[in-house]
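A quick write-up on the structure given underneath.
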Amino acid sequence: MNTDLRPTDDTAPVRYGCACCRAPDRARRLFAGALLAAGAEAALARDGVEVGPPSSMSKLVSADQVEQAAVTQYREMLKQAGAKNALAPPDHPQVVRLRAISQRLIPFTYEWNPRAREWKWEVNVIGSQQINAFCMPGGKIAFYYGILDKLQLTDDECAMVMGHEMTHALREHARAQMGKNAATRLGTSVVSSLLGLGNIGDAVLNMGGQLLTLRFGREDESEADLIGLELAARGGYDPHAGVTLWKKMAEASKGAPPQFLSTHPSGPTRIRDIERNIPEVQGLYDRAPKPAEHFEPPKTAKKPTTPSRETSR
């Protein structure tokens, strides 16, 4: 059945509708076609990993409140570390190293979370032998000396850890987890009536002290691995370091499991997922400007709790 309301006879010159009606319709079709073409081109042009949308549970709590709670806890942590002479000074080689790496990754975070443009990013090193690192909401990053020292991380591997942890903040995994916790404690019916925050805000403030102990699900961890891989590659760091990093982590976990692994599940599956996604970011790495300066890991595998002032890089 022909649904086109025009003559099917090719010799018939008749056209329905006046020219003034046909022209806008044709323009609309051309415009719609151009939009579709542009959208398809943009989709094809975007290189990198593919992940799903952020968790809707993050909408149950205020981003401002979560980030402020993170600032408060981060400041307290630095204060306590300083009082114990366990906060590495700004000129410490490992601090200089990590801050240089962060400056290469930060510009690529904005695509994943527009709020990241306004964050006051910070990177510090805590003098502890724990194998751990984190990035709190709002871009507050800390590496424990143990992860640099015991794993003898290369710059590329440091970038993988940093990109992974940045992703937790960018995708607001802590905020989403707080939303889930608040919903569980207060009840979904109460949450529905408190979208203007109120008691939810109080719950967020009370949970602020849990930011360092929140456990993320496997989906969050996989997302952090993949987006972190892309951030590092765009910053000029070899994505294959994602594999060597987690092999080192697996080796370290043969004794007492590192603190890092208590909230970051590891295993062969994780390494296979990273290997499978390396081709998605290899082109980004190949085209990216590479770091002009390379840094070295700590000199020995054993250091005192307080980081020393290494004099060479």
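Of note:
- Considering only residues in region 70-91 that are out of contact with any helix residue (DSSP H, G or I) (no Cβ under 8 Å at 6 or more places or on another chain), assigned to a helix (DSSP H, G or I) and among the aliphatic types (A, V, I, L, M), the one that is farthest from Leu231 (Cα to Cα) turns out to be Ala83.
- Taking region 156-170 as the range and being surrounded by fewer than 24 Cβ atoms within 10 Å (Cβ to Cβ) and more than 12 Å from Asp225 (Cβ to Cβ) as the test, only Asp156 passes.
- Cys135 passes every criterion in (1) farther than 14 Å from Gly163 by Cα; (2) among the hydrophobic types (A, V, I, L, M, F, W, C); (3) crowded, with 22+ Cβ neighbours inside 10 Å; (4) free of Cβ contacts under 8 Å to residues at least 40 places away in the same chain apart from (1).
- Among the conditions (1) part of a loop (DSSP other than H, G, I, E, B); (2) within 18 Å of Asp155 (Cβ to Cβ); (3) not small (Gly, Ala, Ser), the only one that Gln94 does not satisfy is (1).
Since every read-out is calculated from the coordinates, none of them should be taken as a lab result. Computed from a predicted structure; not experimentally measured. Don't worry about glycine lacking a Cβ; one is built from the backbone with ideal geometry, like all the others, and counts go over all protein chains shown.
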